[in-house]
Each structure stands twice: as structure tokens, then as C-alpha cells.
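K.L.:
One structure is given below, represented as C-alpha cells, and several questions about it will come after.
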Amino acid sequence: MTTDVTDATFQTDVIERSATMVVVVDLWAPWCGPCKTLSPILEKVVAETDGKAVLVKVDIDQNPGIAQAFRVQSIPMVVGFVAGQPADAFMGAQGEHEVREFLQRLLPGPQETLLDSLITAGDEASLRQALEIDPANEEAIVALGELLVARGDTEEVLALVSRIPETERTRHLAAMARLGTEPDDDHDAALTSLLDQVKHDDDARQQFIDILEMMGPLDPRTAQYRKLLTARLF
């Protein structure tokens, strides 16, 4: 089924939707002859993906915001979105073979499909197999790390997160590993006792930072204690 997308619905119907499937955006207008030739080809080829891709149509005359964003100079123009970003595009009427090749470049290959299924399975054996395929996959590292923290294998967790660039998720996971458990909500006593040690004791300073990481930015105390930490260090 083809969806008509507007300036108002583009974020939901294209950007957000492309997080879970390929979204093919067909930019067209009622007066465009080649658009009418291309449209049934797009519909046929996208239908062959069995739900791995979806086709959406944008009437550029009715949706100038989208047309401006894509800097449309001629139509038909087709853009493929993957994970919230434009991944490939073409302009002008294309034959079925060319359209099929375009879509194949956007769809996940067999290895990517296997990787996704292993991460979705979520058990330790599957996650370890996923990391054999892609050793730097953040989803697999975080999921496996959470399993390992739960049973106390903290050293392996720290080794796993060291493989990839630091993110909010890996910082949180590393903090859990170093602290050894999920702390109680009442952190004030621990943080207060650590404050006098943070300037000269590396372990105390790391523990202080890890507790703040576990509290997270939404806890109003986090910003207060970060200021106290800065004051003690500098």
C-alpha cells in the first residue's frame, strides 16, 4: 500500500518509519508524464520486498517544504531512506531492472538480516555470535553487557565497551560494571562521603562519576553534584 506524505507527516511517515524498514520516497506531480510511467514500476518492485520496504508519494506542488528540503529541480525524483537518513536516490524515469537494483542497494543483505535476528533473540549465545559477525556493534555489546553485569562478569563488560566509541549507553553500562550493581536511589550519603576524597583518590573520583552516571541527567541532584565535584577538583 502506498502512503501519501505531506510536509506535516514527513517526520513520522518517512524519518521515523525508516528506523525499521526502507522507505522509498517518490517525489512527483500530477502534470508529470514520466512520473506516471515510473509509479507502477515502483509499486511492483517495492511490493516484492514482502514488507522490508514501503513506498510513499509526495506531491511536490502540494508540499513545498519537502520539495525545498530535497532541492527538487526535476521529477520524478526517488529517494531511499534508511535509519532516518537518505541513503540513495535517482532522478528521471527508470526501467524495472534499474529500480530493482536501486532497491537492492537499500535492503539489508543476508549478513545484516542474520545480525538483526541474533540481536533480537537476545540470549547470550546469540549476542556472542552477533559480535563475531560485527565486533563493534553497539546494540549487541550493550545487550550482552547487561546480561554479564547481572551475573557479575564486570571485567568482560569493560573490555566490550572499550571496543567502541563512548556513548551515553556505554557510559551507563560501564558505570554499572564498575559499581557492580544498580545503586539505590538514595545516593546522597555515598556522594557526600566521596567528595572529600575525589581530588587525590582516582578510585573515589571514578566511583563518584559512576554514581552520577547511574543517576542520569534527569535527576536534579546530578547537576548539583557535578558542580561540587568541579569545585573540589579545581
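K.L.:
Taking only the stretch 128-138 into account, find how many residues are closer than 10 Å to Leu118 by Cβ and either assigned to a helix (DSSP H, G or I) or of a type in the set (S, T, N, Q) (or both).
P.N.:
Total satisfying the criteria: 7.
K.L.:
Please verify whether Ser74 is farther than 19 Å from Ala19 by Cβ, in the same structural domain as Lys57 (by TED's automatic domain parsing) and surrounded by fewer than 13 Cβ atoms within 10 Å (Cβ to Cβ), treating the condition exactly as stated.
P.N.:
Judged against the criteria, Ser74 is a match.
K.L.:
Could you please find all residues in the stretch 197-234 being charged (D, E, K, R) and within 27 Å of the chain's Cα centre (by Cα)?
P.N.:
Asp210, Glu213, Asp219
K.L.:
Would you be able to tell me the number of residues in the stretch 172-218 that are assigned to a loop (DSSP other than H, G, I, E, B) and either modelled with pLDDT under 75 or not small (Gly, Ala, Ser) (or both)?
P.N.:
16
K.L.:
Something else about it: Report yes if Arg163 is among the basic types (Lys, Arg), in contact (Cβ under 8 Å) with a residue 12 or more places away in the chain and in a helix (DSSP H, G or I), otherwise no.
P.N.:
Against the criterion (among the basic types (Lys, Arg), in contact (Cβ under 8 Å) with a residue 12 or more places away in the chain and in a helix (DSSP H, G or I)), Arg163 does not qualify.
K.L.:
If Ala87 meets every condition in (1) modelled with pLDDT of 90 or more; (2) part of a helix (DSSP H, G or I) apart from one, which number is that one?
P.N.:
Unmet for Ala87, out of (1) modelled with pLDDT of 90 or more; (2) part of a helix (DSSP H, G or I): (2).
K.L.:
Continuing with the same structure: Just wondering, is there one or more residues in the stretch 176-189 that are within 30 Å of Thr20 (Cα to Cα) and not assigned by TED's automatic domain parsing to the domain that holds Thr20?
P.N.:
The answer is yes, given that some residue of the stretch 176-189 is within 30 Å of Thr20 (Cα to Cα) and not assigned by TED's automatic domain parsing to the domain that holds Thr20.
The values are calculated or read from the model by the stated rules, or taken from the named source; none is laboratory data. Quick caveat, the model's predicted, so the values are computed rather than measured. Counting neighbours? That spans all protein chains shown, and the Cβs are built from the backbone with ideal geometry, glycine included.
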